[in-house]
Amino acid sequence: YFTRALEVQEEMDDKWQKRFTLRGLGVFYSMKGDYEKSLHYLTRSLKLREELGDKWGMGNVLSGIGGIYAHKGDYDKALKFFDRSLKIHKNLGDKIRIAVDKISIGIVYYYKGDYEKVVEYFEQSISIQKESVLGEDERYLGSSLETTAYLFISYKYLDRKYDVEKIHTLIEEAENIEYGLNFSLYQLLEDTSYLKTAYNQVQEKASAMDEELAKKFLSYPIPKAIVEEWEKVRTVK
């Protein structure tokens, strides 16, 4: 349906609607694990938004592209796109998007192993959200399972205290935990059941891809680390 919509929009030269469809295709291929196709469509969406002067949309797509580069393990490029998104949202005065960008940047620093930076950006994000019109709404205070896990792992590696009970509570409340987060929970709690789940999720995702794409997906940093760690732990057992 996205493809059919895109064909019609191209025939009509409807650039305003086309920018949404291109982003939709980018998100779709990202979820499928085909990051090259995702980048292709997101980049096309970004160019259209730049042409149309859609600043808010540009920030949104720049953030999406940054996320794809983070998945691919190209962390320096990821930071460049997140920084561009952050600058746009600062110019727009969009505090919530600024806070989200800072979380995204913090996660990239987590992947880079710079835990001081993780804490710096996460705490900045939480502070911005507390000062925003959303007040003390816990949904926006960096208290999701994902952000809390990254923050607490950083505290752990920096020999700082963190609330283990909070993590367990958030796990119980979570409806779905994807493979990267399960791997992070394994690192935080040192419970191999999370690693096993992450491994199974990665294998299931790869099995739904064609051989070439699956091979590429399994070579990306997080899936690769999960497989290697599970093989090591399983061998030790």
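The values are calculated or read from the model by the stated rules, or taken from the named source; none is laboratory data. Just so we're clear, the structure is a prediction, and the values are computed from it rather than from any experiment. Every residue, glycine among them, receives a Cβ derived from its backbone with ideal geometry; neighbour counts consider all protein chains shown. Protein only, heavy atoms only, side chains kept; ligands, DNA and RNA dropped before computing areas. Shrake-Rupley method; radii C 1.70, N 1.55, O 1.52, S 1.80 Å.
Inside the range 112-132, can you point out the residues that are more than 21 Å from Ser184 (Cβ to Cβ) and in a helix (DSSP H, G or I)? Write out each step before concluding.
Taking the range 112-132 as the starting set, the residues that turn out to be more than 21 Å from Ser184 (Cβ to Cβ) are 127-132.
Passing the criteria: Ser127, Ile128, Gln129, Lys130, Glu131.
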Lone unmet requirement of (1) under 17 Å from the mean Cα position of the chain (by Cα); (2) of a type outside the set (Val, Ile, Thr); (3) crowded, with 18+ Cβ neighbours inside 10 Å for His89: (1)
Among the residues of the range 186-195, are any touching a residue at least 12 places away in the same chain (Cβ under 8 Å) and closer than 18 Å to Lys72 by Cβ? no
Candidates Tyr194, Tyr155, filtered to the one that is modelled with pLDDT of 95 or more, open to solvent by 20 Å² or more (accessible area, probe 1.4 Å) and within 27 Å of Gly33 (Cα to Cα): Tyr194
May I ask you to verify whether Glu146 is surrounded by 15 or more Cβ atoms within 10 Å (Cβ to Cβ), charged (D, E, K, R) and under 19 Å from Ser125 (Cβ atoms)? yes
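Being closer than 30 Å to Lys112 by Cβ and in contact (Cβ under 8 Å) with a residue 12 or more places away in the chain is the requirement here; does Leu46 meet it? Before you say what the answer is, go through the steps one by one.
Details: closer than 30 Å to Lys112 by Cβ: yes; in contact (Cβ under 8 Å) with a residue 12 or more places away in the chain: yes.
The answer is yes for Leu46.
Please indicate, with yes or no, whether at least one residue in the range 30-41 is closer than 24 Å to Lys216 by Cα, open to solvent by less than 50 Å² (accessible area, probe 1.4 Å), touching a residue at least 24 places away in the same chain (Cβ under 8 Å) and among the acidic types (Asp, Glu).
Residues of the range 30-41 closer than 24 Å to Lys216 by Cα: 30-41.
If we keep only those that are open to solvent by less than 50 Å² (accessible area, probe 1.4 Å) too, we end up with 30, 33-35, 38-39, 41.
Narrowing further to those that are touching a residue at least 24 places away in the same chain (Cβ under 8 Å): 30, 33-35, 38-39.
From the residues that got through so far, the ones that are among the acidic types (Asp, Glu) too are 34.
Within the range 30-41, one or more residues are closer than 24 Å to Lys216 by Cα, open to solvent by less than 50 Å² (accessible area, probe 1.4 Å), touching a residue at least 24 places away in the same chain (Cβ under 8 Å) and among the acidic types (Asp, Glu).
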With criteria (1) polar (S, T, N, Q); (2) modelled with pLDDT of 95 or more; (3) open to solvent by 50 Å² or more (accessible area, probe 1.4 Å), Asn176 comes up short on (2)
